[in-house]
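Everything below concerns the one structure shown next.
The values are calculated or read from the model by the stated rules, or taken from the named source; none is laboratory data. Just so we're clear, the structure is a prediction, and the values are computed from it rather than from any experiment. Neighbour counts are summed over all protein chains in view; Cβ atoms, including those assigned to glycine, are modelled from backbone coordinates with ideal geometry.
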């Protein structure tokens, strides 16, 4: 696990479009209880208003961080969409730069997964963004199995597992954006080889990646919400 990601405490995440919450991660409220939908809407409106106020007052400049007694809110606005806002809440001390870096990574992954959000083609439905939860968890927890080819090189895989056929859950038009998220070469090779017809053993043979590694990568893809197995 990367040192920066391991030390970041991201308690809440708000992704706002035109001031409205389209995706939220609410793991730990500041009074140790989860916020309900109405509270999330109110908090989102407050954050959007603060950000808008700061942006409209030349002397204040862009809103970067707002500190309260027990929590800090970090703001990040992607350069390609002024109406999209990512806000991270952290109870950790001196987490500003780390949370900001994570927000940039989250925003890049979100826009790659849902490119229509910056193209004025969104129909207002928020259910579709729930698919981002697994990708977000992978970013926050930084699944090392995607980055360390040395892991899972050996080990025995059962005939049943070797015969599993992975298939992609995402539309083909989004595959390029997801493909670019992977940093290790074998992650890219295995993901590209998944076509819904080849089993794990065939993918391993054709891609020259150890079967145990292929199996491990596919399980990681499943956790990210990108792939499922069929028999």
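Kindly indicate the residue of region 175-231 that is within 23 Å of residue 115 (Cα to Cα), in contact with a strand residue (DSSP E or B) (Cβ under 7 Å, 6 or more places away or on another chain) and part of a loop (DSSP other than H, G, I, E, B) and also modelled with the highest pLDDT among those meeting that condition. Here the answer is 194.
Residues in region 114-136 that are modelled with pLDDT of 85 or more, surrounded by 13 or more Cβ atoms within 10 Å (Cβ to Cβ) and over 18 Å from residue 178 (Cα atoms): 126 only. Might you let me know whether region 92-113 holds any residue that is in a loop (DSSP other than H, G, I, E, B) and either loosely packed, with under 13 Cβ neighbours inside 10 Å or assigned by TED's automatic domain parsing to the domain that holds residue 224 (or both)? Yes: region 92-113 contains one or more residues that are in a loop (DSSP other than H, G, I, E, B) and either loosely packed, with under 13 Cβ neighbours inside 10 Å or assigned by TED's automatic domain parsing to the domain that holds residue 224 (or both). Residue check: is residue 144 within 19 Å of the chain's Cα centre (by Cα) and either farther than 29 Å from residue 210 by Cα or modelled with pLDDT under 70 (or both)? Taking the combined requirement at face value, the residue satisfies it.
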